[in-house]
Structure formats: C-alpha cells, structure tokens
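Quick notes on the structure that follows.
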Amino acid sequence: MLNLDTHILLHALGGRLTARERALLSGDTWSISAIVRWEICKLHQLGRIVLDVDDADVTRALARIHTWPLSWEVCRESCRLDIKGDPADELIGATSVVHGVPLVTRDRRLRRSKRIPLAA
C-alpha cells in the first residue's frame, strides 16, 4: 500500500503523473490521509484547482481509495517529525510514519525527512 500526498493524488486524477510515478502507483494499492480530502475541497474553494469536487466520477474515485483517519497517534506524530512546514503535509507524513506506509510525494521538505518512509 502507498500513501499519496494531495498533489500526487491530484496529478493521478488529472493524468499528469511522471512515468516513474505512474509505474509506482500502478503496482500498488493507494491510500490517503483524511486531511487530503479536506485539502482538495479547500484548494477547489480557493480556486487553486479546477477539479469538480461534486463530480460523480471524482466521488467514485475517492471512494475507492483507502483513507487513514486523523487519529490521536497521527496528530501526536505530526508534532514529532524532523520537518516543519505546512500542517497538512505534516499530518500526511505522520500518517506514513504511524501506519508504516511509504509516502509518494514530490514535496522536497517531506522528502528530506529521515523519519517518513518514502516510496522508492
């Protein structure tokens, strides 16, 4: 199982993955942190993405992706990470740590972490 950050999920839904990302994601099950769902809605609200969050195909696609809850353990772990920055990114990274699921991300800050397991 892989944990996708918000932008990787959006690139996947929009067909804008790199060849490496496509190969990586095609061979495994996807999962996301619950904060990713909120972040997609917020990005839509702010006009930063054009994805129609009310579209039935989008809803069906998101329903097929395992969603990790924002548990107390994930919240605590987000404050213990060796990176600081966007709180949503910290929760996404902490989700990978707590559940031992490799993270797929392009985010340089997350990729610099020594604690967050990254997908190869």
Discussion item. Please go through region 82-120 and give me each residue that is touching a helix residue (DSSP H, G or I) at 6+ places or on another chain (Cβ under 6 Å) and among the hydrophobic types (A, V, I, L, M, F, W, C), ordered by number.
Written reply: I83, A88, L91, A94, V97, V98, L103, V104, L110, I116, A119
Practice prompt. Please specify each residue of region 14-49 satisfying the condition of being in contact with a helix residue (DSSP H, G or I) (Cβ under 9 Å, 6 or more places away or on another chain) and closer than 15 Å to T67 by Cβ.
Written response: W30, S31, I32, S33, A34, I35, V36, R37, W38, E39, I40
Worksheet entry | Scope region 93-120; condition surrounded by fewer than 16 Cβ atoms within 10 Å (Cβ to Cβ) and of a type in the set (G, A, S); matching residues | G100, A120
Item to complete: Pick out the one residue from S26, S31 that is surrounded by 15 or more Cβ atoms within 10 Å (Cβ to Cβ), small (G, A, S) and modelled with pLDDT of 95 or more.
Response: S31
Worksheet item: From the residues in region 76-92 that are over 15 Å from the mean Cα position of the chain (by Cα) and not in a loop (DSSP other than H, G, I, E, B), which one is surrounded by the most Cβ atoms within 10 Å (Cβ to Cβ)?
Response: E77
Fill in: Search result, residues across region 13-48 that are in a helix (DSSP H, G or I) and of a type in the set (V, I, T)
I35, V36, I40
Item to complete: Check whether at least one residue in region 52-70 is part of a helix (DSSP H, G or I), under 19 Å from L2 (Cβ atoms) and in contact (Cβ under 8 Å) with a residue 40 or more places away in the chain, and report yes or no.
Response: yes
Worksheet entry | Selected residue [at pLDDT 95 or above, under 14 Å from the mean Cα position of the chain (by Cα) and of a type in the set (K, R)] from R64, R111 | R111
Discussion item. It is to be established whether one or more residues within region 37-52 are at pLDDT below 95 and exposed (fewer than 11 other Cβ atoms within 10 Å of the Cβ).
Written reply: yes
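The values are calculated or read from the model by the stated rules, or taken from the named source; none is laboratory data. Worth saying up front: this structure is predicted, and the values here are computed from it rather than measured. Positions of Cβ are backbone-derived with ideal geometry, glycine not excepted, and every protein chain shown enters the neighbour counts.
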